[in-house]
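K.L.:
Below is a structure I'd like to ask you about.
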Amino acid sequence: MPVALFILDMQFLWVYADDLIGKGLAPWVIAELMIYASARLVNLALPLAILVASIMAFGSLAERNELTALKSAGLSVFRIFRPLMVTMLLISMGAFWFSNAAWPVANLKFRALLFSVTQKKPTLNLIPGAFYNGIEGFAIRIDGKEEDGTLNDVLIHDHREGETGVSRVIRANQGTMVQHGNRLTISLNNGFSYEEDLEQSKRRKERLHPHIASSFEQQEFEIDLASLDFSKADEGLFKRAHEMMTVQQLGKAMDSLRLLVDQRLEEIEFYGARQSVLLRDTVSAAAVVKAAGPLWTVLSPIERRMAFDGARSLARNTRQGIANGIENADTRVRAMNRHAIEWHRKFFLALSCILLFFIGAPLGSIIRKGGLGMPTVLAIGIFLAFYILSMIGEQMVKAGTVTPGFGMWISSLALLPFAVFFTRQAMRDAQAFQINWPVHFFRKSN
């Protein structure tokens, strides 16, 4: 399992390398992020590790004829599997506890920490010829940097108009930068500054002298670097996500969403009746029969137009209201499906460990190969098929094509016949794909 986690962690680092490099993150921040990422990847690493280990273990036993010796001693394959079956049951119980208790906490802390890392601005790193915009309110560019730290042709755009009401452009032939904690001291030599009074620009539309230009031999000012500091995001912002819930919380959330969907569908069903006002009929049936005839014959052209416009407006509003109600119900159904996916995932990890064990252990005893060669290739192939089917089923549930119960278990249902087949072949001490029934059928026919 550590090997599988290491491989998956390397893939995680590859995906988020751009968000981690160049930000001056402390080692403990990266280490904490990797710990939470590893915890989130257990649902992939644990089944893969069980599959590889079971194939390798029983492949080695069969290759060295130790499995044959056990069978010769009167032990059946089921008896040989029994201690490992108990172990797998305990591992599955631990996997369910991890999915229900530890995985939501790891998800919450990972999401909050990853958000904080991605929002952190890059550290102060001036590249010649390129503007650095990492400091809030400033854009700094240099033409070159000497070995002693002297900066050549420094250009600074100061856009802190919210604080001073003045936008400045400063350019100097040379300068130096010294950082003291969260303060950056910039010393400039032989340059000029170009200022624009933005507040005055807002008050007056026409000005003869809107800008102020001045030169200097030496100028020094400080910049606050607090915006570059790393700060953790509030975990409370992510607590309501379905990935952060336990089985009990997911069940309550799905019940609430189902109630809201039913209420919305009921409102849609009686939407027309709610929009109409029913009055008591004060005309007798005989009068209605006597006055029967086309309605427009008793209405003036203006009344007829007003009636048609009112009916058209009512129909348009009703159609729009029903469409909005259906869209709202669909949104809540999709949210309910996402919660159902997470609910099934809690049990999926535990049962997938048992399923892959009953594929790997019999298959290892059949192929009679240990080590890292054939067992690893077979394990990776089986796990890829298992993982791809799981992702397809999950996406189908999110799209509303299938029910959550079927979509989340489609991979297990697809591999269950193989587990039964391999276990049966191992108990009969047969080859993996040895199918004898056609031969027996033709022999009986002859």
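The values are calculated or read from the model by the stated rules, or taken from the named source; none is laboratory data. Nothing here was measured: the structure is a model prediction, and the numbers come from that model. Cβ: placed from backbone, ideal geometry, glycine included. Neighbour counts: every protein chain shown.
K.L.:
What are the residues in the range 74-100 that are at pLDDT below 80 and loosely packed, with under 11 Cβ neighbours inside 10 Å, if any?
P.N.:
Residue satisfying the conditions is Gly74 alone.
K.L.:
Mind listing whichever residues of the range 234-251 are surrounded by 13 or more Cβ atoms within 10 Å (Cβ to Cβ) and without any contact (Cβ under 8 Å) to a residue 12 or more places away in the chain?
P.N.:
Gln249, the sole residue that qualifies.
K.L.:
Could I ask something else about it? I need the full set of residues from the range 135-151 which are assigned to a loop (DSSP other than H, G, I, E, B) and modelled with pLDDT of 80 or more, in order please.
P.N.:
Ile142, Asp143, Glu146, Thr150
K.L.:
Within the set of pairs 6 or more residues apart or between chains, which connect a residue that is closer than 13 Å to Val169 by Cα inside the range 128-147 to a residue that is of a type in the set (D, E, K, R) with Cβ atoms less than 9 Å apart?
P.N.:
Cβ pairs passing all conditions: Gly137/Asp158; Gly137/Arg160; Gly137/Glu161; Gly137/Glu163; Phe138/Asp158; Phe138/Arg160; Ala139/Asp158; Arg141/Asp153.
K.L.:
Condition first: in contact (Cβ under 8 Å) with a residue 40 or more places away in the chain and within 25 Å of Leu89 (Cβ to Cβ). Now tell me which residues in the range 4-49 satisfy that.
P.N.:
Within the range 4-49, Ala4, Leu5, Ala39, Arg40, Val42, Asn43, Leu44, Ala45, Leu46, Pro47, Leu48, Ala49 qualify.
K.L.:
Could you run through the range 101-125 and say how many residues are buried (at least 17 other Cβ atoms within 10 Å of the Cβ), more than 20 Å from Val247 (Cα to Cα) and aliphatic (A, V, I, L, M)?
P.N.:
Within the range 101-125, residues that are buried (at least 17 other Cβ atoms within 10 Å of the Cβ), more than 20 Å from Val247 (Cα to Cα) and aliphatic (A, V, I, L, M) number 4.
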